[in-house]
Amino acid sequence: MPSFSVTSVVGLALPLYLVTMASQNLSGLAVLKAAGYEPPAGPLIAVTGLVSLLTAPFNALTSNLAAISAAICTGPDVHPDPAERWKTGPFYALAYVVFALFGASLVAVFAVLPPSLILLVAGLGLLGALANALAIALKVEDKRIAGTVTFAVTASGVTFAGIGSAFWGLAAGLIVLALDRVKFR
């Protein structure tokens, strides 16, 4: 039986909230604004927070603006008229319902596939996102080395003191960036 504890709020709920706000809600708003929409940020965040509160007992604690889905649904390839792009939302909702209903069966299908095939498909699916992220990270010439170091350390998979490569990559990139700034002074 689930129970409330301060430890779970500090160790789980608060980090989930911060990650959701930073990685989904804020970037979701940015995607919508970049697509030419002017969403009312306050009411949107309030609604997603309320939905999260209502769905948390069913293990759906982070209802959010879904930045990746927003990016897919707001592009000109969805519909030439921006006022008609909202129609992609119900199709995504239907897909989520199908995944929810048949999730166990889908997991069973993936469980019998060779792991190398799953890695290949996942890698191919992420190539576009990786290329875009690298283009953004390496765009500014005086920050290229820091971006390259961040990527290399993160991709290395190094773990030190029980902390994974994502942290160490970010730390290494920030150190290189700081050293570059000191060098130019």
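Could you please find all residues in segment 142-166 being assigned to a helix (DSSP H, G or I), surrounded by fewer than 15 Cβ atoms within 10 Å (Cβ to Cβ) and of a type in the set (Phe, Trp, Tyr)?
Restricting attention to segment 142-166, the residues satisfying the condition of being assigned to a helix (DSSP H, G or I) are 142-156, 165-166.
Going one step further and asking which of them are surrounded by fewer than 15 Cβ atoms within 10 Å (Cβ to Cβ), we end up with 142, 144, 152, 155-156, 166.
Within segment 142-166, no residue meets the criteria.
Which of the following residues is open to solvent by 50 Å² or more (accessible area, probe 1.4 Å) and modelled with pLDDT of 85 or more: LEU94, LEU53? Talk me through it step by step, then tell me what you get.
Details: LEU53 fails: modelled with pLDDT of 85 or more.
Matching residue, one of LEU94, LEU53: LEU94.
The listed residues are LEU12, LEU44, and the only one of them that is farther than 26 Å from GLY125 by Cβ, open to solvent by 40 Å² or more (accessible area, probe 1.4 Å), assigned to a helix (DSSP H, G or I) and modelled with pLDDT of 80 or more turns out to be LEU44. If you go through segment 59-78 and keep only what is out of contact with any Ser or Thr (no Cβ under 8 Å at 6 or more places or on another chain) and surrounded by 10 or more Cβ atoms within 10 Å (Cβ to Cβ), you end up with ALA66, ILE68, SER69, ALA70, ALA71, THR74, GLY75, PRO76.
The values are calculated or read from the model by the stated rules, or taken from the named source; none is laboratory data. Keep in mind that what you see is a predicted model, and the values were worked out from it rather than measured. Glycine gets a Cβ as well: all are built from the backbone with ideal geometry, and neighbour counts include every protein chain shown. Areas reflect the complete protein model, heavy atoms only, side chains present, ligands, DNA and RNA absent. Shrake-Rupley method; radii C 1.70, N 1.55, O 1.52, S 1.80 Å.
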